[in-house]
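Here's the structure we're looking at; comments come further down.
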Amino acid sequence: LIVLYLFYCQSSPRHGEYSKQPVLHPSAAMAFFRQIATIAKRVSPSAAMTQCRQQPLAFRAHQLARFSAAPSHMDLIKQLRETSGAGILDVKKSLAATNWDPELAYQDLRKRGLAAAGKKSDRVAAEGLVGISKSSDGVMFVEMNSETDFVARNEAFQELISNISKAAMEMPRPTGSELSIEELNSVETPAGRLSDVIADVALKVRENIRLRRALWLPANGGIAGTYVHKSIAEGQGSIACTVVLSCQDKASADLETSVQAEIEELASKIAMHTVAMKPAFLDRTLVDSSALDAELDVLRSQAEGSGKPPQIVEKIVTGRLNKYYEDVCLVDQKCVLDEEGKKSVKAYVEAAGKQLGVNLIVTGFLRVQCGEGIEKEAKDFAAEVKATAGM
């Protein structure tokens, strides 16, 4: 067999090109030896030698195609890997399936990326970022979720949120506070249809990511201030909030620019308070009736259990209800910005407005926290290891 192998090498017309390296990959050489052994069982040595001389190039090309890629193929793999962000094995598989056409291979990767995202869709995506954009007529919020906070620090993910925010700001203003996610996904952007852009980023970060919601708070002639908590990029963080302050005696547009700037800064400070204190309602008139009835039942039951007279019970209920309002209503909360800690948000804003020569009130707020309302998956590491090991 060794003699036949050497004879085969000498008979190769391209032997000179491989003078410093084996003509065949070791695996291909072993396959060649097995073929020779099979032929030798059926024909004479001279016939076997003749048969090998007749088919050396075709055989070698077949084996080399199986065990290695040509240098040009390696370049295509490198380029497509950099473009798509996919793994080298996935890239090579797509290129081979599309006859090494990079454009078709990229489309194949996108399709496979969508399939992979579908398989991961049952995973809880409760991390991510909230993006905030402001214009003269209001503030837009978008929440993009991911499986891990590591992806939230990815530049491609952050750029995606910026693009979504821009697309949302260009849409018609909603009649309510929430934009249609279906309509937002169908918006055409410079990079393509928004849903396709999200799919491309999902392919790069290799996680289940989703556009959860887009919310709009109109200024209604007031001045909005914003605050982003744990900001890792401009206008992006784990919690975002906006507060709108309005002048009761003047139009905001008629105020001096310096006064408008002062009011905006004050609104941003109240937004910071709102992030910390988590109010559920703006004022008492907006408290949900079902929530209020439930709270009254609890308070009345507690007071009646004290054995006090009915008139005293009502006073106890009223006092505790005021405390409830201080907990859930923004304007009734004790303002964390007040040094003495005695003024409510309403009183603090009124006092600041007087110093500016205007009568200020809080007319709106919106606080958005990434992942709020999503039940996070409790992971059992030991169980995952056992499942992986088939135990």
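The values are calculated or read from the model by the stated rules, or taken from the named source; none is laboratory data. Just so it is clear, the structure is predicted and the values come from calculations on it, not from any experiment. Counting neighbours? That spans all protein chains shown, and the Cβs are built from the backbone with ideal geometry, glycine included. For the accessible areas, the whole protein counts, side chains as well, though only heavy atoms, and no ligand, DNA or RNA atoms are used. Shrake-Rupley method; radii C 1.70, N 1.55, O 1.52, S 1.80 Å.
Numbers below:
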| read-out | value |
| --- | --- |
| So G353, is it within 23 Å of T242 (Cα to Cα) and in contact with a Lys or Arg (Cβ under 9 Å, 6 or more places away or on another chain) | no |
| Residue in segment 259-276 that is part of a loop (DSSP other than H, G, I, E, B) and either of a type outside the set (K, R) or open to solvent by 10 Å² or more (accessible area, probe 1.4 Å) (or both) present | no |
| Of residues in segment 286-305 being part of a loop (DSSP other than H, G, I, E, B) and open to solvent by 60 Å² or more (accessible area, probe 1.4 Å), the one nearest to D332 (Cα to Cα) | D288 |
| Residue in segment 90-139 that is modelled with the lowest pLDDT, counting only those that are in a strand (DSSP E or B) and crowded, with 23+ Cβ neighbours inside 10 Å | G128 |
| G373 being of a type in the set (G, A, S), outside any helix (DSSP H, G or I) and at pLDDT 65 or above | yes |
